[in-house]
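Enquirer: Below you'll find the structure I mean.
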Amino acid sequence: MSSDPLVIFTPSGKRGHFPVGTPILTAARQLGVDLDSVCGGRGICSKCQIAPSFGDFPKHGVTVSETALSDWNAVEERYDRIRGLKQGRRLGCQATVQGDVVVDVPPESQVHRQVVRKAASARPITMDPATRLVLVEVQEPDMHEPSGDLERVQDALRDQWSIEHVHAGLPVLRKLQPALRKGEWKVSLALHTPANMEQTRILDVWPGFHEGGLYGLAIDLGSTTIAAHLCDLVTGEVLASSGLMNPQIRFGEDLMSRVSYVMMNPGGDVEMTNAVREAINTLAGEIAAEAQVDPALIMETVVVCNPVMHHLLLGIDPVELGQAPFALATSGSLTLPARDLDLNALNAEAQVYLLPCIAGHVGADAAAVALSEAPDKSEDLVLIVDVGTNAEILLGDRTRVLACSSPTGPAFEGAQISSGQRAAPGAIERVEIDPDTKEPRFRVIGSDLWSDDPGFAEATAATGVTGICGSGIIEAVAEMRMAGLLDASGLIGSAAQTGTTRAEPEGRTHAYLLHDGTADGGPRITVTQGDIRAIQLAKSALYAGARLLMDQLEVDTVDRVVLAGAFGAHISPKHAMVLGMIPDAPLDKVTSAGNAAGHGARIALCNRAARTQIEQTVGRIHKVETAVEPRFQEHFVAANAIPHATDPFPELAKVTTLPAVAFGASGGSDGGRRRRRRS
């Protein structure tokens, strides 16, 4: 039995015997304890702070005396004097073992800190980014042992950090010699080590100890919007989030329109590639300015996107994705220098990681949703719908996961709607219609008051009531159905049929007047028959995709539904089921995951192992191609009814009764269809 002192680390519980005089940091490294250090044990960075405990510890079978660690030394005293150490803390690189000791590693000293996601999910992100900061002390040049500065840096990384196979690009080589001499042969290095650990690349260099931070961008590159999160690569904290419209919209609102543009316009793919890259550069600059971060400190970017956006970002012609068999140029993950994508707003050596695509129409954004929501680890059958211009749908549990995409179009974003607009202050986002009086009330973005509340006009004076956004049009159509203003086929009734003058004639059809702001110089906001049709087409595509996956698993119900996407976060579950957007499910089992694709991008940005995990998971997801499945069209046609022509929707009956109106019959009968059970 060893006579050396016993060192016990909490909360990990790892323990081992070490000779007197062993630094705590050294003991931690040898035991594999999660104790941070950037400066390599020089007492500069303070990342290795520990809290020793003294007294009797029956659980561990030791008694720790006050002399279990060495006395404070000059390095600790200097650090405490200049920056301050919390009471009871020591620097693990300076405190040495003198006797049996119990050492606690506080959360802020752990490399793999956990950052808890907000309301959408409590699952943590374990910090282990591909890009990190280290400090090395480099041997000075010697005429008798000629070697380059880079080679001596490589030697220092191997000796001090056990890092092999280190490379550096020309931008780093230009900065290396001045940094070494200014830092008196101590330099901080930003290192990028991919998940396969095959080689490490030096991204940047600073003299001495760098305290300016390292940052990364998680980007959800959608066909309509581009969203980005600026993250601290040390803590995982989101410092700023922002977004902008995808400028490619001018080439086509949906993906196939953009592919068609390329087919009919030689060089069209180059136009769209340049447009989206310029937009990302703009967004990166704006988000860095908002967070007051130097864009040159953005060292890494993770991008998730659908296959067409994937190819256009990379500068690959997307035409093959517009025709069967919808072949991708590559479906695997990619790690590329940002300069290859003309992302010049970032650090000159910044790296870009793109998640793998699942198939020709199910891209890296769906993979990111799978990483975020983990259907492959679910005990119950979960349907995940990422609602957008092109919806990605996942269905499965821990035994099997299926995926498909469904071309819903831009109606859910407020496009193709007569009074539609993007979600912005002044846009109607919530709607209620009294089933007896047929009178509406609504809320607009930027105010918590309803339109019939006292003070509404004053509260919205600055923005006015400007239009209706995606969540607003969904609620409006569902409320119209529940109030008897339109029938199961989606036909709006006349004033005589509905009993309200708000049902106005418009050509050969009718429209419902939601708001008349003309007295104050504002717009008349109506829901037209064309609007109803646009919503029917969008929701039918979404529902048909979900039903197609359910057919593959031979189920007629799901245990729970997760609505993902920035738009999905604002959808009312009840109104979604009244419309027939999603299969029937208990309302308390329909939840929002917010921007799950963006969160998946954050996970991949902050954790290398997650990249390996999703690369493996994607290989196990079974893709269902809606374009070649005959039953997709069958489900699509049936789903044109509101809520549906054949499915019974028993859960929906618990929260609402859809009326039979004079000009049409109620939807939702089972049509004699036998409901299947999961085996």
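The values are calculated or read from the model by the stated rules, or taken from the named source; none is laboratory data. These figures come from a predicted structure and were not determined experimentally. Here Cβ is always computed from backbone atoms with ideal geometry, including for glycine, and neighbour counts include all displayed protein chains. All accessible areas refer to the heavy atoms of the entire protein, side chains included, with ligands and DNA or RNA removed. Shrake-Rupley method; radii C 1.70, N 1.55, O 1.52, S 1.80 Å.
Enquirer: Please enumerate the residues belonging to the range 320-331 that are among the hydroxyl-bearing types (Ser, Thr, Tyr) and surrounded by fewer than 17 Cβ atoms within 10 Å (Cβ to Cβ).
Expert: Let us first name the residues in the range 320-331 that are among the hydroxyl-bearing types (Ser, Thr, Tyr), namely 330-331.
330, the sole residue that qualifies.
Enquirer: In the range 203-227, what count of residues is obtained for those that are free of Cβ contacts under 8 Å to residues at least 60 places away in the same chain and either out of contact with any strand residue (DSSP E or B) (no Cβ under 7 Å at 6 or more places or on another chain) or closer than 28 Å to residue 276 by Cα (or both)?
Expert: Result for the range 203-227: 2.
Enquirer: Could you go through the range 39-56 and let me know if any residue there is within 14 Å of residue 110 (Cβ to Cβ) and of a type in the set (D, E, K, R).
Expert: Checked the range 39-56: at least one residue is within 14 Å of residue 110 (Cβ to Cβ) and of a type in the set (D, E, K, R).
Enquirer: Do the conditions hold for residue 260, that is, is it of a type in the set (Gly, Ala, Ser), open to solvent by 30 Å² or more (accessible area, probe 1.4 Å) and under 21 Å from the mean Cα position of the chain (by Cα)?
Expert: Taking the combined requirement at face value, the residue does not satisfy it.
Enquirer: Of the residues 235, 225, which is open to solvent by 30 Å² or more (accessible area, probe 1.4 Å), under 30 Å from residue 186 (Cβ atoms) and within 18 Å of the chain's Cα centre (by Cα)? Spell out how you get there, then give the answer.
Expert: Numbers: 225 fails: under 30 Å from residue 186 (Cβ atoms).
Result: 235 is the single residue among 235, 225 that is open to solvent by 30 Å² or more (accessible area, probe 1.4 Å), under 30 Å from residue 186 (Cβ atoms) and within 18 Å of the chain's Cα centre (by Cα).
Enquirer: Checking residue 403 against (1) closer than 30 Å to residue 308 by Cβ; (2) assigned to a loop (DSSP other than H, G, I, E, B); (3) of a type in the set (A, V, I, L, M, F, W, C), which single condition isn't satisfied?
Expert: Here residue 403 meets the rest and fails (2).
Enquirer: So if I check each of 447, 418, which one is closer than 25 Å to residue 252 by Cα, in contact with a Ser or Thr (Cβ under 8 Å, 6 or more places away or on another chain) and surrounded by 15 or more Cβ atoms within 10 Å (Cβ to Cβ)?
Expert: 418
Enquirer: Let me ask you something else. Look through 525, 492, 532 and report the one residue that is closer than 24 Å to residue 406 by Cα and of a type in the set (Val, Ile, Thr).
Expert: Just one listed residue meets the conditions, 532.
Enquirer: What residue, of 202, 163, is in contact with a helix residue (DSSP H, G or I) (Cβ under 6 Å, 6 or more places away or on another chain), under 18 Å from residue 348 (Cα atoms), open to solvent by less than 40 Å² (accessible area, probe 1.4 Å) and not in a helix (DSSP H, G or I)?
Expert: When all the criteria are applied, what remains is 202.
Enquirer: Could you tell me how many of the residues in the range 562-587 are assigned to a loop (DSSP other than H, G, I, E, B) and either among the basic types (Lys, Arg) or open to solvent by less than 10 Å² (accessible area, probe 1.4 Å) (or both)?
Expert: 6
Enquirer: Taking the conditions exactly as written (surrounded by fewer than 23 Cβ atoms within 10 Å (Cβ to Cβ), farther than 20 Å from residue 598 by Cα and in contact with a Phe, Trp or Tyr (Cβ under 9 Å, 6 or more places away or on another chain)), does residue 398 satisfy them or not? Write out each step before concluding.
Expert: Values: surrounded by fewer than 23 Cβ atoms within 10 Å (Cβ to Cβ): yes; farther than 20 Å from residue 598 by Cα: yes; in contact with a Phe, Trp or Tyr (Cβ under 9 Å, 6 or more places away or on another chain): no.
Criteria not met by residue 398.
Enquirer: Right, next: Go through the range 588-610 and give me each residue that's out of contact with any Asp or Glu (no Cβ under 7 Å at 6 or more places or on another chain), closer than 29 Å to residue 480 by Cα and either open to solvent by less than 10 Å² (accessible area, probe 1.4 Å) or touching a residue at least 12 places away in the same chain (Cβ under 8 Å) (or both).
Expert: Scanning the range 588-610 gives 590, 591, 592, 594.
Enquirer: Restricting to the range 1-50, and then to whatever is closer than 20 Å to residue 134 by Cβ and touching a Pro at 6+ places or on another chain (Cβ under 8 Å), can you tell me which residue is modelled with the lowest pLDDT?
Expert: Filtering the range 1-50 for residues that are closer than 20 Å to residue 134 by Cβ and touching a Pro at 6+ places or on another chain (Cβ under 8 Å), the one modelled with the lowest pLDDT comes out as 41.
Enquirer: Same structure again: Restricting to the range 503-512, what's the tally of residues that are open to solvent by 20 Å² or more (accessible area, probe 1.4 Å) and touching a Ser or Thr at 6+ places or on another chain (Cβ under 9 Å)?
Expert: 5
Enquirer: Condition check: in contact with a His (Cβ under 6 Å, 6 or more places away or on another chain) and either surrounded by 22 or more Cβ atoms within 10 Å (Cβ to Cβ) or not in a loop (DSSP other than H, G, I, E, B) (or both). Does residue 188 satisfy that?
Expert: Taking the combined requirement at face value, the residue satisfies it.
Enquirer: Restricting to helices (runs of 4 or more DSSP H) lying wholly in the range 236-329: which have 1 or more residues that are of a type in the set (A, V, I, L, M) and in contact with a Cys (Cβ under 7 Å, 6 or more places away or on another chain)? Write out each step before concluding.
Expert: Working: elements: 255-264, 268-291, 307-314.
Passing ranges, in order: 307-314.
Enquirer: One residue is enough: does the range 78-95 have a residue meeting the conditions under 18 Å from residue 14 (Cβ atoms) and surrounded by fewer than 16 Cβ atoms within 10 Å (Cβ to Cβ)?
Expert: No, because not a single residue in the range 78-95 is under 18 Å from residue 14 (Cβ atoms) and surrounded by fewer than 16 Cβ atoms within 10 Å (Cβ to Cβ).
Enquirer: Just the residues that are open to solvent by 50 Å² or more (accessible area, probe 1.4 Å) and touching a residue at least 40 places away in the same chain (Cβ under 8 Å), please, taken from the range 332-360.
Expert: Listed by number, the residues that qualify are 335, 342, 344, 348.
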